[in-house]
Structure formats: C-alpha cells, structure tokens
Amino acid sequence: MLWLLKSRERKAVFALMKEAKRRGISVDELTDVMTPEELAAMLPPVKPKFKGKIPDVTRWGLPPDSEVSTKEYWTDEDILAVQESTARGEWEDAAALLASTWGNWDRRNLVNGALGEAAAKDDEWLRAWRKARPGDPGAALVDAESLVHVAWEVRSGLQAKHVTEEQFAAFFRILEQAEEAANEASALAPDDPTPWVTMLAIAMGRQYENDQYLRVWAELVARDPQHRGAHTRALQYWCPKWFGSAELMWEFAETAAAKSPKLAPLLLIAAHESEFQDVPAWRDSRVAGALDGIVAWLDGEGRDHPATRGDRAYAAKALVENGRFDEAVEQFRHLGTRADGGMWAYSGDARAEFLATRYAACFGATKP
C-alpha cells in the first residue's frame, strides 16, 4: 500500500524501515523508542515548489541558463597544452607532463586518464613514444589506460542485453591486452599505484569475483592507501548495480571517509547511487553528518584537487536535499556554467538536472 502515500511520506517509511533493519528491530519497535524530533528528522525537507515562476538565478550571481553547458572540457592548462601537442602527433610534452606527476598520485591518475583518452582516439603519438623510448613506464601506463577506453568504446555504454556477442568478444580481448600493458607498467615502475587504478577498471570489465578484485585492491592500497581516483572507481564495483550490495557500498564509503577528508565525498556518491535504487539517502545521518567537513575540504585544502569539481556537484545536490540552500548556491557559484559532472548525467538529461537543482537552491536561499 506504499504507493498510496505521497512521495515524501514514502521516503520517510523507507527511511524508518532501513533504520529498523540497521538496529535489528521492527519498525513498530523503532517508533516506540524514537522521540518525535527523531521521527520528524526522517522526513525529507519540503522541497521548494516553483508554482510556475522560475527564480532568476543571476540575482544570486550565477550565470544565466543559456550559458550552462554539459560539454566536458578541461581547465588544466598543462593538460590542454598536451592535448594540442598530441593532436599534432607529438609525444615529448606528454611524456614530460606525466613524468612531472611522480609522487603526486592523484594528479598522475588525472593526467594518465587524459592521455589515455587522447590515445584511444589516435595513438600515432603514443606509438612514436614507445618506439623512441622502449621500456618507458609512462608510455606503458598510457597504453594500458588507452586500451581500457578503446574496450569500452567497442562494448558501448548500453545495457548488456543490447550488446552483441561480437562486441563482448572484442571487449574482453582488448581488456586482456590492457591487463598485459598494466602489468608491464607496474613491473617498470613498481612503486607507482597508477597501473593498479587502471587494473581496477579492467577487473570490473572482466567481471572479477570479489576475492579477485580484493587482490588487485590490496596492490593499490599498498602503494597509496588514500588514492582518491582508486576509491571512486572501487565504490562503483561495490555498488548493487555491479558486483556488490547496498551494505558493501556503504561500508566501503564509510571506511574510506574515515581515512581522509578527501575521501569523505564518497558518502555523497553512495547516497546518489542509493537514490537511483529508490532508497532515500540524501538525509541519511552518514551524509548529513559529513557535509560540514566535505564543504570545508572543498573550500580549503581540497580546493585544487582533481576531484573537487565533480565533488561540488554532489555537494550542491546534498545541500539542497538537506535544506542548506545558501551553501548550495555557493557550490553553484564555483561550478559556474559547467554541468558536465557525472552526477548530473544519471537522470538522462544532465543540463535539466543541473538547472532544476540550481533553481531549488536559489528558491530556498536567502534573497539577494
């Protein structure tokens, strides 16, 4: 009979059921021991209703809707310069940039991802690099990452039922080549965690069982226990839609968040994944309790971290859902015109999701 309830009431019921399960008691027993304030907190905040009038977001210093774009683009000047040089078939700048990231593993992973994506489109410059410098660990690293990109291009992002046998065969064959390249890169630079980040993507594609995956994970954390890109990638593996469950996903996110502030946004990603499984989670105590620290990280030490732009999208959504509208507007100020964050795309219309959430933030915020 839940379908008879309004959406807001349904979410409250699901939240009660989840909390009761967590405590190992029935819902009736839970309501007997909870205070009225605690029960009220289970209700999501009343979202602003626009009643036909959309807020003029420019009044809050935000760019007009017409300027918002979902086009993915880089703001890193070094990466932009290298993309231009590789497009001309030159490899020297790419090799130098990747070499300069040694020890800064989060940035190295970012640069490797950009180079791998470029090589997947045209690998003439990468082949020239490998020929000029046989045994270069950087070239092997980019080779492995590019092969992962190629494999997923061949497979496509469609659901498995829409992928042909020929596509799957090619997908697995290319991933085997990528694994060989990743192993080569690791052998050439044993202290580098980056090949193991690529291996995590290969492990997902090759459908590793949990024990197999954990062996790859152990190699990664032995080299960098707080690697952000690796944790973000691994969270997807532990999601119910891949090879985990809601419990394993949240356990992984909580464990990560306890390690470092830069890993705390994984709780927001877990909440977003839960919402798409029709499990209300934005007001989960694990999310609400972490928001202050996440916002402080984004505006402080993590301001220039490679993951910050994507994290601001999750933070903006979480802040709106928790009724913290002024802070959500501030996150949108940082995001500017960029609706290219992965979170927005889940709905199928990234721009519409971005704009709707921004409207909600402004509608609820202090009037300028």
Q. Within the accessible area of the chain, what % is carbon and sulfur when the probe is 1.4 Å and the other protein chains stay in place?
A. 52 percent
Q: Taking all protein chains together and a probe of 1.4 Å, list 88, 309, 333 from the most accessible to the least accessible.
A: 88, 333, 309
Q) Among 134, 280, 306, which one shows the biggest mean-square fluctuation in a GNM of the chain, springs joining Cα atoms closer than 10 Å? A) 134
Q | Cα point-scatterer Debye curve for the chain, base-10 log of I(q)/I(0) at q = 0.11 Å⁻¹ | A | -0.85
(Q) Compute the angle between helix 165-188 and the longest alpha-carbon principal axis of the chain, please, reported from 0 to 90 degrees and rounded to the nearest 10. (A) 70 degrees
**Q.** Furthest towards positive pole of dipole, 339, 99, 306, structure part the chain, Cβ charges
**A.** 339
Q: Quick one: accessible surface of residue 366, probe radius 1.4 Å, all protein chains present, in square angstrom to the nearest 10.
A: 90 Å²
Q: Could you please put 269, 54 in sequence from largest to smallest accessible area, using a 1.4 Å probe?
A: 54, 269
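Determine, for each peptide in 67-78, 159-170, the mean count of other beta carbons within 10 angstrom over its residues, then list the peptides with the highest first.
Most protected by this proxy first, the peptides run 67-78, 159-170.
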Q: Note down the magnitude of the dipole of the range 176-234 about its Cα centre, charges +1 on Lys and Arg C-beta and -1 on Asp and Glu C-beta and zero elsewhere, to the nearest 20 debye.
A: 280 debye
Q | the range 295-368 and the range 156-234: distance between their alpha carbon centers, rounded to Å | A | 30 Å
Q. Of 109, 269, 198, whose Cα points farthest to the positive end of the dipole of the chain (charges on the beta-carbon: +1 Lys, Arg; -1 Asp, Glu; origin at the Cα centre)?
A. 269
Q) Most mobile of 340, 192, 349 per a Gaussian network model of the chain (Cα springs, under 10 Å)? A) 349
Q. Which of the aspartates and glutamates could be linked to residue 367 by a straight reach, that is with a Cα gap under 12 Å, when you skip same-chain ones fewer than 8 residues away?
A. 56, 326
(Q) Quick check: the angle from helix 308-321's long axis to the longest principal axis of the chain, C-alpha only, nearest 10 degrees? (A) 10 degrees
Q) So what is the 222 nm mean residue ellipticity for the chain from helices alone, if each DSSP H run of at least 4 adds -39500 (n - 2.57) and you divide by all residues, rounding to the nearest 500 deg cm²/dmol? A) -20000 deg cm²/dmol
Q. By how many degrees, between 0 and 90 and to the nearest 10, does the Cα long axis of helix 105-121 differ from the longest principal axis of the chain?
A. 70 degrees
Q. Counting Lys and Arg as +1 and Asp and Glu as -1, each charge on the Cβ, what is the dipole of the range 62-122 about the Cα centre in debye, to the nearest 20?
A. 200 debye
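The values are calculated or read from the model by the stated rules, or taken from the named source; none is laboratory data. Computed from a predicted structure; not experimentally measured. Please note: Cβ atoms are built from the backbone with ideal geometry, for glycine as well, and neighbour counts cover all protein chains shown. For the accessible areas, the whole protein counts, side chains as well, though only heavy atoms, and no ligand, DNA or RNA atoms are used. Shrake-Rupley method; radii C 1.70, N 1.55, O 1.52, S 1.80 Å.
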